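*Asks:* Shown below is the structure under consideration.
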Amino acid sequence: MEPVIQANSVSTVYQSGSLSVKAVDQISFDVKPGEFVALVGPSGSGKTTMLAMLAALLSPTEGDVLIDGVDLSGFKDNERVKFRREKIGFTFQANNLVPYLNIQENVEMMLRLNNKLDNAGKERANELITRLGLENRKRNLPNQLSGGEKQRVAIARSLVHNPSVVLADEPTANLDSERAYQVVKIFSDLIHEQDKAGIIVTHDLRMCIYVDKVVQMRDGKIENILANRKEIDNFIACG
Amino acid sequence: MALFLSVKEIWRNRNRFFLFSLVIALITTLVLFIAALAEGLATANKEYISKIDAELFVFQKNVSFSASASQIQRSIVNNIRRTPGIESIGSVGFGGADIVIPGGQKPLPVSLIGIEAGMPGNPAIITGKPLTTTYAMEGVLDRRAAEKLKLKVGDRITIKTIQAAKDKFYTLRVVGFSDSNQYLFRPSLFIPYRTWDEIRSQPDPGRPDRELVSNIVAVKATLGTDLKQLASQIQVNVTDVEVADKKTTIEAIPGYSAQQSTLNTQQIFTLLIGVLVIGGFFQIQMLQKVPLIGVLKAIGATNSTVALAVVSQIVIITTFGVMLGSLVTIGLALGIPSGVPIIFNGEKVITSLLALLAIGPLGGLVTVRLAVSVEPLMALGLSS
């Protein structure tokens, strides 16, 4: 099976005055359809920067990122925006939802942005809302929802436009353990069910029970890639 | 998408936006009232001059086009008349008088204007008949004064002037009423030119060697005449005179320019305050929304979508505020006493409304710039 995400020797250098900081250093990995990958590592290890490059938010200084076989490095700014809109689903740590749109409108947002808010789109949005147990909250505003519910809405929004890649940046950071497990399990289930390539950036190693691969990062480099269940379970157990 | 976002945000935060619309409405009311006051005061000062059926006005030289200081002798008037390109001319004399109101009430001050029957300077008559002679104890009264004094055509009025430091009373028959013709904030009483010369306030009435004078001469040019050329020609043909067009004549009315520039400055400052208030409000709003804008851009909203959402929101709120302010202004205008010099001139109202509608987007320019400059990386807590 062809990978959806391919990162080939990707590096990024941040310029801070006269100082150059290599945030990501020669990283290579790939993610296949239906595969859910966790990017883990301590703060400053480069995982969010890596995620930004996979999301076409940042260009690598070296190497290339391919999504669905398309090299993102040749994209102009407006092409990047269009690419993100069509191919990528995003869940963030905070400020995910538009506070003045109700839950249905928030989920349908990606369809509106892509001019795909037709009957089929609406049906898909409703299916996701129901699947995520939010059917009674459709008319509510985000401030009427719990943290876990908000993240579930964000997950629905990230999948509604049928993207190839689903990315989540610390989606459980503001949730208690129970809700965090709940959110990541739903995320994992949907990625597997819908054959998406999913990446979650997390500090919380316990969440790795739901992923198929763990990319462990430190100081901008890959320290380890754990690709089988046993290795992942051992990794979680060692904390 | 942009309009959807802006309308939804307004609707879901309608109390906050309504309160802000009230601020815009207040600014609108203020601007419209200042414009109406400027127009009302201008009209009260210049109405007669602006309505005269003449294009040019001849003044004595070196009096800065001051009608009260200018003295034009009858011989000069005849010289002016001989200039080619003139259809007709009329001498006009200005003065002040009080119409005595029986019963010890406060007299009504009027502008006492001497005119030549049938010549430029005669007002439009709405009731009765115009003046027909050069000397008669009769007059045409401004309809405003007639309404106030409840006069009918044919009634007699007594006016008071001051001659050689003494009050003098004259009785005139009102032969007609003119349309509104205020001059120097007073309604006008038009009387025949020679009568005016006799009864106007003056320090040395009846001096035998005194030549008949007027203050200015109104000149109506024949159709198609080049007015600048005609003005120059008059100044060449006739010594010691200066010619002004209507605009210059109005601007030379005592206090007119100072008053108008004061009110215009007030209006501009109010609009400027509007720009700052609207700009400030939307800027604060935007600062609170920066993280959200970052997320919107990260998920694929374009800069134009974000900018359009901001602009459309500003336009909607400004338009609503201006409409609300216009309604408040109409309501207040209906309740204002008739003595307050407020006139809503269509052209000025439309100009003011357009200016008010423009200040919203103008004030929001900084906000749009901020919205466009937000980086999508901010959604991930990064910056480029």
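*Asks:* Tell me, please, whether a residue that is over 27 Å from the mean Cα position of the chain (by Cα) and either at pLDDT below 85 or within 13 Å of chain A (Cβ to nearest Cβ) (or both) can be found in region B:311-322.
*Replies:* Yes: region B:311-322 contains one or more residues that are over 27 Å from the mean Cα position of the chain (by Cα) and either at pLDDT below 85 or within 13 Å of chain A (Cβ to nearest Cβ) (or both).
*Asks:* If B:L41 meets every condition in (1) assigned by TED's automatic domain parsing to the domain that holds B:I350; (2) free of Cβ contacts under 8 Å to residues at least 12 places away in the same chain; (3) of a type outside the set (D, E) apart from one, which number is that one?
*Replies:* Unmet condition: (2).
*Asks:* Also, I was wondering about something else. Pairs please, first residue from region A:179-195 and over 16 Å from A:K150 (Cβ atoms), second anywhere and in a helix (DSSP H, G or I) and aromatic (F, W, Y), Cβ atoms under 6 Å, 6+ apart in sequence or on different chains.
*Replies:* A:K185/A:Y210; A:S188/A:Y210
*Asks:* Which of the residues spanning region A:21-39 are modelled with pLDDT of 90 or more and aliphatic (A, V, I, L, M)?
*Replies:* A:V31, A:V37, A:A38, A:L39
*Asks:* Kindly establish whether B:V366 is β-branched (V, I, T), within 14 Å of chain A (Cβ to nearest Cβ) and over 25 Å from B:G40 (Cα atoms).
*Replies:* No.
*Asks:* Within region B:339-361, identify whether any single residue is within 30 Å of A:E79 (Cα to Cα) and either more than 14 Å from chain A (Cβ to nearest Cβ) or not acidic (D, E) (or both), and answer yes or no.
*Replies:* Yes; the residues of region B:339-361 include at least one that is within 30 Å of A:E79 (Cα to Cα) and either more than 14 Å from chain A (Cβ to nearest Cβ) or not acidic (D, E) (or both).
*Asks:* Is one or more of the residues making up region B:293-307 more than 23 Å from A:A55 (Cβ to Cβ) and modelled with pLDDT of 85 or more?
*Replies:* So far as region B:293-307 goes, no, none of its residues is more than 23 Å from A:A55 (Cβ to Cβ) and modelled with pLDDT of 85 or more.
*Asks:* Step by step: first the residues of region B:324-340, then only those that are buried (at least 18 other Cβ atoms within 10 Å of the Cβ) and touching a helix residue (DSSP H, G or I) at 6+ places or on another chain (Cβ under 6 Å), then the one that is nearest to B:F17 (Cα to Cα). Which residue is that?
*Replies:* Only one residue tops the list, namely B:L324.
*Asks:* Filter region B:1-15 down to the residues that are in a helix (DSSP H, G or I), without any contact (Cβ under 8 Å) to a residue 12 or more places away in the chain and either surrounded by 13 or more Cβ atoms within 10 Å (Cβ to Cβ) or at the interface with another protein chain (Cβ under 10 Å from one of its Cβ atoms) (or both) and list them by number.
*Replies:* B:F4, B:K8, B:W11, B:R12
*Asks:* Additional query: Which numbered condition in (1) at pLDDT below 90; (2) away from every other protein chain (no Cβ under 11 Å) is the only one that A:S9 fails?
*Replies:* Looking at each condition in turn, A:S9 falls short on (1).
*Asks:* State which residue is nearest to B:G121 (Cα to Cα) when the search covers only region B:54-89 and only residues that are modelled with pLDDT of 90 or more and of a type in the set (S, T, Y).
*Replies:* Out of the qualifying residues, it is B:S88.
*Asks:* Of the residues B:V217, B:V241, B:V175, only one is closer than 30 Å to B:T127 by Cα, in contact with a Lys or Arg (Cβ under 7 Å, 6 or more places away or on another chain) and aliphatic (A, V, I, L, M); which?
*Replies:* Within the list B:V217, B:V241, B:V175, the selection yields B:V175.
*Asks:* Say whether the condition of being without any contact (Cβ under 8 Å) to a residue 24 or more places away in the chain, surrounded by fewer than 16 Cβ atoms within 10 Å (Cβ to Cβ) and in contact with a strand residue (DSSP E or B) (Cβ under 6 Å, 6 or more places away or on another chain) is met by at least one residue in region A:28-39.
*Replies:* No, region A:28-39 has no match at all.
*Asks:* Still on this structure, please answer the following. Would region B:163-176 turn up any residue that is over 21 Å from B:S66 (Cβ atoms), touching a strand residue (DSSP E or B) at 6+ places or on another chain (Cβ under 6 Å) and without any contact (Cβ under 8 Å) to a residue 12 or more places away in the chain?
*Replies:* Yes, some residue in region B:163-176 is over 21 Å from B:S66 (Cβ atoms), touching a strand residue (DSSP E or B) at 6+ places or on another chain (Cβ under 6 Å) and without any contact (Cβ under 8 Å) to a residue 12 or more places away in the chain.
To keep it simple, each residue is scored yes or no on (1) touching a Leu at 6+ places or on another chain (Cβ under 8 Å); (2) over 23 Å from A:L97 (Cβ atoms).
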residue: A:V160; (1), (2): yes, no
residue: A:L175; (1), (2): no, no
residue: A:Q182; (1), (2): no, no
residue: A:Q194; (1), (2): yes, no
residue: A:T202; (1), (2): yes, no
residue: A:K213; (1), (2): yes, yes
residue: A:N234; (1), (2): no, yes
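*Asks:* What is the one condition in (1) closer than 20 Å to B:I10 by Cβ; (2) without any contact (Cβ under 8 Å) to a residue 24 or more places away in the chain; (3) within 13 Å of chain A (Cβ to nearest Cβ) that B:G300 does not satisfy?
*Replies:* Of (1) closer than 20 Å to B:I10 by Cβ; (2) without any contact (Cβ under 8 Å) to a residue 24 or more places away in the chain; (3) within 13 Å of chain A (Cβ to nearest Cβ), only one is false for B:G300: (1).
*Asks:* Those residues that are of a type in the set (S, T, N, Q) and over 20 Å from A:H192 (Cβ atoms), I need them from region A:144-172; list them, please.
*Replies:* Matches in region A:144-172: A:Q144, A:S146.
*Asks:* Can you tell me how many residues in region A:194-224 are in contact with a helix residue (DSSP H, G or I) (Cβ under 9 Å, 6 or more places away or on another chain) and under 25 Å from A:M1 (Cα atoms)?
*Replies:* Residues that pass the stated criteria total 17.
*Asks:* May I ask you to verify whether B:I113 is in a strand (DSSP E or B) and surrounded by fewer than 20 Cβ atoms within 10 Å (Cβ to Cβ)?
*Replies:* no
*Asks:* Only strands (runs of 3 or more DSSP E) wholly contained in region A:134-239 count here; list those with 3 or more residues that are surrounded by fewer than 17 Cβ atoms within 10 Å (Cβ to Cβ) and away from chain B (no Cβ under 14 Å).
*Replies:* Filter on region A:134-239 gives A:221-226.
*Asks:* Would you check if A:I129 is touching a residue at least 40 places away in the same chain (Cβ under 8 Å) and either surrounded by 20 or more Cβ atoms within 10 Å (Cβ to Cβ) or over 21 Å from B:F4 (Cα atoms) (or both)?
*Replies:* no
*Asks:* Right, here's the next one. Any chance region A:108-127 includes a residue that's under 19 Å from the mean Cα position of the chain (by Cα) and small (G, A, S)?
*Replies:* Looking through region A:108-127, at least one residue is under 19 Å from the mean Cα position of the chain (by Cα) and small (G, A, S).
The values are calculated or read from the model by the stated rules, or taken from the named source; none is laboratory data. Small disclaimer: the values here were computed from a predicted structure and weren't measured. Counting neighbours? That spans all protein chains shown, and the Cβs are built from the backbone with ideal geometry, glycine included.
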